[in-house]
Each structure stands twice: as structure tokens, then as C-alpha cells.
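Accompanying notes for the structure given below.
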Amino acid sequence: MVELTTGRALPSPEKEVFCLDPWRISAWLWVASLSVVFLGLFREWYVTAFGFETVAKDLRHLAFNAEYCLPAWYSSLMLFFSAALLTLTALSAERHGERHLLHWALLAAIFVGLSVDEATGVHEVLIEPLRSGLALDGFLHFGWVIPGAIVVALIGLFYLPFLLALPSR
């Protein structure tokens, strides 16, 4: 059996331990995040200074506002990492017989879906049909916002009792 700890609690000696050190994880996340930000800022400076049509035109893969680039991949990776942590939380809730197992498991599934969407751009498929079919403009220019807002509202209603039941600290 694997026991999950955060590095503070002492595990029982007869169990295999998978220890998550929040400080080490946080440090790696800061390094990775700052690296992506630095590369993106470097790209913005380079394009401003030298233009797009240079030998280094493939720096587009570092752009902050593009699809299928390093920042989008990193964002997808962070969503997947969150899904993994939520899965571990769900497994822990199951092991301890907690009543919110379904909420944790569903959150993990939602974050996997968000990760896949961020990596593949599935939501982009909804933009043109909704924009042309509903004559959308302004802040609704990106048509996926409408079904997205409906889904978020429904999930929010489902999770409201769960959120209210969480400890305040």
C-alpha cells in the first residue's frame, strides 16, 4: 500500500511512502514558470527589435498569445499536474471514507479535460459556427464563451455545497 504524505506527517513504517514536499514542488514550479515567462518576454523583445522575418522566426513558438506554443503547452501541463494532485486527493478521500470523493474525482476529470483542450484547442472549433450563427460581436466575439459560461455556472451550482463544507483553513 502507498501512503501519501506532505512531508510533515510521519508515515507508518510498514507502508511504502510517496512523499510530496510542498516546498520542493513550489520551487520547481517557480523555476519552470519564470523560465517560460523569461523566454516569452525575450521573444517579445526580439520581435520588437528585429521583426518577424529573421532567421529566428520560429521564436513564434515562445509567443504568449499563440496556440500550440511553449506557454500553451506549459499551461496544459500545469492543468494536468493539477488533475494528478486532485486524483491523489480523491484516492485519499476514498481511502478515508470521506463524503466528497465524487467532487474530488470529478474535479480531477474536469482538469484533465481542460488540459486536453488547452493542448489541442478543441474550444476553437466552436468559435466560427457560434459567431456566424448567432451574429456575435464584442466580448462575445469568441463564441465558445457562451457554452463555457453555461457549463461553469452548472458546475458552480453543483460544487457550492462542497465549497461550503470545506474547512475554513
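Odds and ends about this structure:
- One residue stands out among those in the stretch 40-62 that are modelled with pLDDT of 85 or more, crowded, with 17+ Cβ neighbours inside 10 Å and of a type in the set (A, V, I, L, M): the one that is farthest from the chain's Cα centre (by Cα), which is 47.
- Qualifying residue in the stretch 119-128 (condition: surrounded by fewer than 11 Cβ atoms within 10 Å (Cβ to Cβ) and either of a type in the set (D, E, K, R) or out of contact with any Asp or Glu (no Cβ under 9 Å at 6 or more places or on another chain) (or both)): yes
- Pair list, Cβ under 7 Å, 6 or more apart: the stretch 123-138 residue free of Cβ contacts under 8 Å to residues at least 60 places away in the same chain, other residue outside any loop (DSSP other than H, G, I, E, B): 123/117; 126/147; 130/146; 136/130
- As a summary of the residue check, residue 88 satisfies the conditions (1) farther than 19 Å from residue 115 by Cβ; (2) surrounded by fewer than 17 Cβ atoms within 10 Å (Cβ to Cβ) except for the one numbered (1).
Residues are listed down the side, and each one gets a yes or a no for (1) polar (S, T, N, Q); (2) in a helix (DSSP H, G or I); (3) under 23 Å from the mean Cα position of the chain (by Cα):
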position	(1), (2), (3)
85	no, yes, yes
88	no, yes, yes
99	no, no, no
106	no, yes, yes
111	no, yes, yes
116	no, yes, yes
130	no, yes, no
133	no, yes, no
162	no, yes, yes
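The values are calculated or read from the model by the stated rules, or taken from the named source; none is laboratory data. Predicted, not measured: the structure shown is a model, and the values here were computed from it. With ideal geometry, Cβ positions are generated from the backbone for all residues, glycine too; neighbour counts draw on all protein chains shown.
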